[in-house]
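S.K.: Encoded as structure tokens, here's the structure I'll be asking about.
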Amino acid sequence: MVKSKVIEIGELSTFDDEPVIILFNDTAPMGLREVCIIHEFEEAPPKDFLKEGSKMIFNGNEYTIEKIGHVANETFYDLGHISLYFDYDEESEVLPGSAFLSPKVKPILKEGDSIEFIA
């Protein structure tokens, strides 16, 4: 298991009509920070850590990775970056640095919240 802590919430990252969470570590450029949730790992995740069936827990609420893009683990490891989609069409193709999660309900996060990643 890998744990992370939310350290900053971008002002445009929490709109209800956007069913996506964009995670990034503190290296996120200023132009992206407003749409991202900035988080900090307690310890770095292993490479190739996330896969279909992996779990993410946002404040005790468990989600399952249904699909994951082919570079998502690389960007997650290097930059803490992954785009998480919570409302998607089952036939949609997942973007390279993204993942589709279920249930299809976007969690609400605030500064100080924890995120757990379970392979």
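The values are calculated or read from the model by the stated rules, or taken from the named source; none is laboratory data. Note that the coordinates shown come from a computational prediction; the quantities given were computed from them, not determined experimentally. Every residue, glycine among them, receives a Cβ derived from its backbone with ideal geometry; neighbour counts consider all protein chains shown.
S.K.: If we only count strands (runs of 3 or more DSSP E) wholly inside region 44-85, which ones have 1 or more residues that are of a type in the set (Ser, Thr, Tyr) and touching a residue at least 24 places away in the same chain (Cβ under 8 Å)?
M.R.: 61-68, 82-85
S.K.: Select, from 47, 55, 51, the only residue that is basic (Lys, Arg) and either modelled with pLDDT under 95 or more than 13 Å from residue 118 (Cα to Cα) (or both).
M.R.: 47
S.K.: Of all residues in region 86-119, count the ones that are surrounded by 13 or more Cβ atoms within 10 Å (Cβ to Cβ), hydrophobic (A, V, I, L, M, F, W, C) and without any contact (Cβ under 8 Å) to a residue 60 or more places away in the chain.
M.R.: Adding up the residues that qualify gives 5.
S.K.: Out of all the residues in region 8-40, which are over 18 Å from residue 97 (Cα atoms), surrounded by 15 or more Cβ atoms within 10 Å (Cβ to Cβ) and of a type outside the set (A, V, I, L, M)?
M.R.: 8, 10, 14
Table: residues versus (1) within 11 Å of the chain's Cα centre (by Cα); (2) under 13 Å from residue 2 (Cβ atoms).
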residue: 19; (1), (2): no, no
residue: 23; (1), (2): yes, yes
residue: 45; (1), (2): no, yes
residue: 48; (1), (2): no, yes
residue: 52; (1), (2): no, no
residue: 56; (1), (2): yes, yes
residue: 61; (1), (2): no, no
residue: 64; (1), (2): no, no
